[in-house]
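*Asks:* Here you go, one structure.
What follows draws every value from the coordinates through simple rules; no lab data is involved. Since this is a predicted model, take the numbers as computed values, not measurements. Quick reminder, even Gly has a Cβ in these numbers, built from the backbone with ideal geometry, and neighbours come from all protein chains shown.
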Amino acid sequence: MLLNYSELVLVLTPARYNSPCSVSFQQPLYALPRQRGRAIRQWLLDHFELRVEPPVTDGYSDSDRLASLMLMSLAGQAHTLWDSVKRRNDLGVLGPTYSRKGREGQIPADRVLQAIQGDLSSLHGFNAIWEDELQRSPPTLYSWPACPVASHYVLVRKS
């Protein structure tokens, strides 16, 4: 969850949408959470693998399951976030606001989608998974992909 937060935090940061924008999101202050999150993500992938106990066929090998599910989790959470922004009136929530030409407004869903696609396109494999994700109904929860029935995930240090 925290790694996904480091990727998605700037998507709903009001300063991103203010006009004129007083900050550059290329500044180290804004890039640092994403850089640190990606470094932690890589460290996890270098040192651990995710197994299913008892073993069942789920379409992944032990060596690629963690990377695949981490990416699926991020795409699913990004989709849920975008869907929540689109449906904020139905959900009865007030979204983050920004200021444009002296007027306050809620961040539009199309701009959130652009931010997600722009920010995450540099993450290896995200674009392909994102395209598949958008063909599905958005997840209703910000959760990790479910484990196969009657099994559980075990994080194991690589030998």
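*Asks:* Can you give me the orientation-averaged projected area of the convex hull built on the Cα atoms of the chain, in nm²?
*Replies:* That works out to 10.8 nm².
*Asks:* Show me 109-119, 66-76, 49-59 ranked by packing, highest mean number of other Cβ atoms within 10 Å first.
*Replies:* Highest to lowest by the protection proxy: 66-76, 109-119, 49-59.
*Asks:* Specify which residue in the list ALA146, HIS124, PRO54 is farthest towards the positive end of the charge dipole of region 2-157, using unit charges on the beta carbon of Lys, Arg (+1) and Asp, Glu (-1), about the Cα centre.
*Replies:* HIS124
*Asks:* Can you run phi through the Karplus equation (6.51, -1.76, 1.60; θ = phi - 60°) for region 91-98 and list ³J(HN,Hα) in whole Hz, with x for Gly and Pro?
*Replies:* 7, x, 10, 9, x, x, 10, 9
*Asks:* Looking at the chain only, what percent of DSSP beta bridges run antiparallel? Nearest 5 please.
*Replies:* 90 percent
*Asks:* Label point 7 Å out from SER151 along Cα-to-Cβ: which residues of region 40-76 have amide N under 11 Å?
*Replies:* Residues 51-62, 65 fall inside that zone.
*Asks:* To continue, here is another question. So how compact is region 98-150: Cα radius of gyration and Dmax in angstrom?
*Replies:* Cα-based Rg and Dmax for region 98-150 come out at 15.7, 56 Å.
*Asks:* Using +1 at the C-beta of Lys and Arg and -1 at the C-beta of Asp and Glu, which of SER68, LEU29, TYR5 has the Cα lying farthest in the positive direction of the dipole of region 2-157?
*Replies:* Looking along the dipole axis, the top candidate is LEU29.
*Asks:* Name the helices (complete DSSP H segments) of the chain with a Cα length along the long axis of 18 Å or more and a Kyte-Doolittle mean of at least -0.5, or state none.
*Replies:* The qualifying helices are 62-86.
*Asks:* Using 1/(1 + (r/R0)^6) with R0 = 30 angstrom and r between the beta carbons of GLN114 and LEU2, what's the FRET efficiency to the nearest 0.05?
*Replies:* Numbers: r = 24 Å, r/R0 = 0.81.
Efficiency computed from Cβ-Cβ geometry: 0.80.
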